[in-house]
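Shown next, in structure tokens, is the structure this report addresses.
Quick note: the coordinates plus some simple rules give every number you see, no bench work behind them. As the structure is a prediction and not an experimental result, all values here were calculated from the model. Don't worry about glycine lacking a Cβ; one is built from the backbone with ideal geometry, like all the others, and counts go over all protein chains shown.
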């Protein structure tokens, strides 16, 4: 009987200790939960609510159902902004991927020179995008360094930001320049996580550098590639600073992205409900792309 009593007492102490551990763990995660509820979940639910209303910021919101979303179907300006956003996002993400992976492969070797090059490539990522936009605006205008160089070498100048044919691609180039160094570090972390034994086995089999890259490096970098492409797509589809500071949506509407149109509809036309409906469409697009990438880049293997 005493043994049973001691066993029950020990069990109660263990359960009590586990309950205290759970309580302490809850206290540790409570600030993060509160932050998530206040600064993410509540704003998102409010945005969903506003997207079903007609609201001009100054009068009470009026519920109008799905009218904002049905109006988007016939809005040519929204279609143009959607096309520009998709084009810009895919082109920029593609070149950020190529450049950052190339820089990671070039600098993934021991030596002081590689470390110096890595630092130089990463420096643009430290600059705020506002500073980047002002810097490149200054260099690309008619009297800027780039056109001075073009006139000296080619005898002509170029309207990089003043032409509707080149403005979008110029902004894309600037974002690739600004962000490739950051994603280079992510790729380098992924490269260093690959065990050297995989490369040794490939060399023993007689594989050349291109074969090793295609058959060994890229497959084992799938988790890193997923992270890089996902972050880059989200950044580019939500890009606002460069569009606003470099072209303000022009020339004409050639660089009017979805974020820029949302900004104009919300704070210039005071159509908060309509602007929020566009933001919901953008959110659903990003969610769908992320889910597709999770499916495409899913890995069923692990390595030590």
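Peptide packing: for 228-238, 271-281, 214-224, the average count of neighbouring Cβ atoms within 10 Å per residue gives the ranking 271-281, 228-238, 214-224, highest mean first. So what is log10(I(q)/I(0)) for the chain at q = 0.08, 0.14 1/Å, when the Debye sum runs over its Cα atoms only? Relative scattering, expressed as log10 I(q)/I(0), comes to -0.55, -1.18. Of the peptides 126-133, 202-209, the order by per-residue mean of other Cβ atoms within 10 Å, starting with the highest, comes out as 126-133, 202-209.
When peptides 282-294, 169-181 are ranked by their average number of other Cβ atoms within 10 Å per residue, the highest-first order is 169-181, 282-294.
Taking 42, 121, 182 as the candidate residues, the one with maximal mean-square fluctuation in a Gaussian network model of the chain, Cα springs under 10 Å, is 42.
Centre-to-centre, using Cα atoms only, the range 77-140 and the range 228-288 are separated by 20 Å. Computed from the C-beta positions of residue 248 and residue 20, the FRET efficiency with R₀ = 45 Å rounds to 0.20. Here is how the number arises for the chain: DSSP H runs of 4 or more residues each give -39500 (n - 2.57), the sum is divided by the residue count, and the result at 222 nm is -23500 deg cm²/dmol. For the range 8-166, the pair-distance distribution built from all alpha carbon pairs, in bins 10 Å wide starting at 0, is 7, 13, 20, 22, 18, 12, 5, 2, 1, 0 percent. Each label point was placed 7 Å from the Cα along the Cα-to-Cβ direction; for residue 48 and residue 30 their separation is 2.7 nm. Who wins for biggest fluctuation among 49, 151, 83 in a Gaussian network model of the chain, springs between alpha carbons below 10 Å? Most flexible of the set in this elastic network: 151. If I take R0 = 25 Å and measure r between the Cβ atoms of residue 98 and residue 143 in this structure, what FRET efficiency does the formula 1/(1 + (r/R0)^6) give, to the nearest 0.05? In this case the efficiency is close to 0.20.
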